[in-house]
1. Nearest-5 percent of antiparallel DSSP beta bridges in the chain?
2. Evaluate the distance, in nm, between pseudo-label points positioned 7 Å from the Cα of Glu102 and of His146 along their respective Cα→Cβ axes.
3. Please find the FRET efficiency linking Arg171 to Asp115, where r is the Cβ-Cβ separation and R0 is fixed at 35 Å, and quote it to the nearest 0.05.
4. Which value, in debye to the nearest 20, gives the size of the charge dipole of the stretch 38-96 about its Cα centre, when Lys and Arg are +1 and Asp and Glu are -1 at the Cβ?
5. Obtain the nm distance between the two label points defined at Glu206 and Leu303 by a simple spin-label model: each point lies 7 Å from its Cα along the Cα-to-C-beta direction.
6. Pop the C-beta distance of Glu275 and Ala51 into the FRET formula with R0 = 45 Å and round what comes out to the nearest 0.05.
7. Sorting check: for 18-26, 264-272, 95-103, which peptide has the highest mean count of neighbouring beta carbons within 10 Å, and how do the rest follow?
8. Using only Cα atoms, what is the ratio of the radius of gyration of the stretch 119-197 to 2.2 N^0.38 Å?
Amino acid sequence: MTFMTSPSASLSSLDQRARDIFRHVVETYLETGEPVGSRTVSRGGVHLSPASIRNTMQDLTLAGLLAAPHTSAGRIPTHAGLRLFVDGFLEIGDIGAEERREIDARLAGKGRGFDEALDAASSLLSGLAGGAGIVASPVRDAGVKHVEFVALGHDQALAVLVGDDGSVENRIMTLSAGVTPSTLQEASNFLNARLKGRPLAEARTEMRAELEAARAQLDVAAARLVEDGMAAWSGGADRDRSLIVRGRANLLQDRETAEDLERVRVLFDDLEQKEQLIGLLDGVNAGQGVRIFIGAETRLFSLSGSAVIAAPYMNGRQRVLGAVGVIGPARLNYARIIPLVDYTARVLGRMLDGQET
C-alpha cells in the first residue's frame with residue numbers, strides 16, 4: 001500500500017523523551033477523545049515524574065504540537081501535531097480478514113452494477129470507519145468515434161466530437177486568418193485518423209508529439225486548428241460527475257459542546273460543496289496512494305477542522321478514474337481507516353476493470 005501525506009515538521013527536533021511523551025499523548029487522545037494530563041502519561045508507561053512530563057508537554061505546546069483546550073490541565077494534539085504523528089509514528093497494519101470479506105461481498109455482489117457499487121462503497125466506509133463515506137464517480141471518457149470541424153461563417157467553426165457511447169460535444173471556435181474549407185477538412189482528417197477508438201484524455205499527450213512531427217505535412221492553419229480543437233474538447237471528462245456522501249449522522253456522535261456542534265454544522269455546509277469536494281478527491285489522483293488531509297491543509301475543511309483519508313481507484317491500465325474516502329473529525333482512527341480506504345479503492349478498481357474487458 002502506497003501511503004502519501006502532505007509535508008510535515010521533522011522529528012529531528014524532538015529528543016527521545018519528547019517523542020515518547022508526544023506519542024503517548026496523541027495515542028491516548030485518539031483513543032479517548034479527552035485531554036491528556038501528565039499523570040495519565042506517567043501511569044501509561046512513561047517512567048518519569050509528573051513534573052518532568054509537564055515540563056516536556058509545555059515544550060511541545062510551545063512548539064505548536066500540543067494545545068491546552070479551555071481551562072483543562074490536559075493537552076490535545078494540534079493539527080500540526082496530528083500530522084507529525086501520522087507521518088512519523090503511526091503504525092499501519094493490514095485490513096482484517098472479516099472486513100476484507102465484507103467489502104468483497106458488498107461491492108462485488110452478484111449482479112451489482114458499478115454505480116450501485118459506488119453507493120455501497122460510500123455506505124460501507126461510513127459504517128466501518130465511523131465517519132462520512134465519500135465517493136467521486138469516474139470520469140466518463142469514452143473512445144472517440146468521429147470528429148469534424150463545420151464552418152459557421154468566415155471567422156467561426158463548430159468543433160464536433162462524437163463518442164463511442166453516443167455522446168456529442170460541440171464547441172464554437174474562433175478561426176484564425178487563412179482557414180479555408182479545405183483547412184477544416186484537413187484538420188478533421190488528421191484527428192480522425194489518430195483519435196478514433198481512443199479516449200481523448202489518454203490521447204492528448206501523445207497527440208502533441210504527433211502534431212509536432214506532422215507540422216511539415218500540415219498546413220499551418222490546419223495545425224493551429226488541430227491544437228485549438230484538442231484544447232476545446234473535454235472528451236466528456238466533466239459530464240455527469242457525481243459525489244456520493246453517506247453517513248452524515250455519524251458526524252453528530254460524541255458532540256457534547258456548542259463548539260463541537262458548530263464545527264459539525266460547518267462541516268455539513270462543506271459537504272454540500274460538490275465541485276470543491278470532487279476537486280479535492282481528484283487531487284488525490286496524482287499521488288496514486290492513500291492521502292491524508294488534516295484541518296487547514298485543505299481550504300475546504302479549514303474551519304471545521306476535519307480530516308480526510310482518501311485513495312484513488314484505477315482500472316487495469318492504472319488510469320485513475322475516481323476516488324473514495326472518509327471524512328470525519330481530526331480524531332479519526334487513522335491506523336484502522338487507512339487500510340480500509342485503500343482496500344475499498346482496490347476492489348472498486350478491479351470491478352470496473354472487469355466490466356471494461
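The values are calculated or read from the model by the stated rules, or taken from the named source; none is laboratory data. Just so we're clear, the structure is a prediction, and the values are computed from it rather than from any experiment. FYI the Cβ positions are ideal-geometry reconstructions off the backbone, even for glycines, and counts take in every protein chain you see. Note: areas computed on protein heavy atoms with side chains; ligands, DNA, RNA excluded. Shrake-Rupley method; radii C 1.70, N 1.55, O 1.52, S 1.80 Å.
1. On the way: 40 of 44 bridges.
Percentage antiparallel, nearest 5: 90.
2. Each label point lies 7 Å from its Cα, and together they span 5.1 nm.
3. Values: r = 28 Å, r/R0 = 0.80.
Calculated transfer efficiency: 0.80.
4. Values: 5 positive and 4 negative charges, 71 e Å.
Computed about the Cα centre, the dipole is about 340 debye.
5. Taking the two extended label points, one gets 4.6 nm.
6. Working: r = 52 Å, r/R0 = 1.17.
The formula returns an efficiency of 0.30 here.
7. On the way: 18-26: 21.6, 264-272: 15.8, 95-103: 14.0.
In decreasing order of mean packing, 18-26, 264-272, 95-103 become 18-26, 264-272, 95-103.
8. Details: Rg = 20.4 Å, N = 79, 2.2 N^0.38 = 11.6 Å.
Cα-based Rg divided by the globular estimate yields 1.77.
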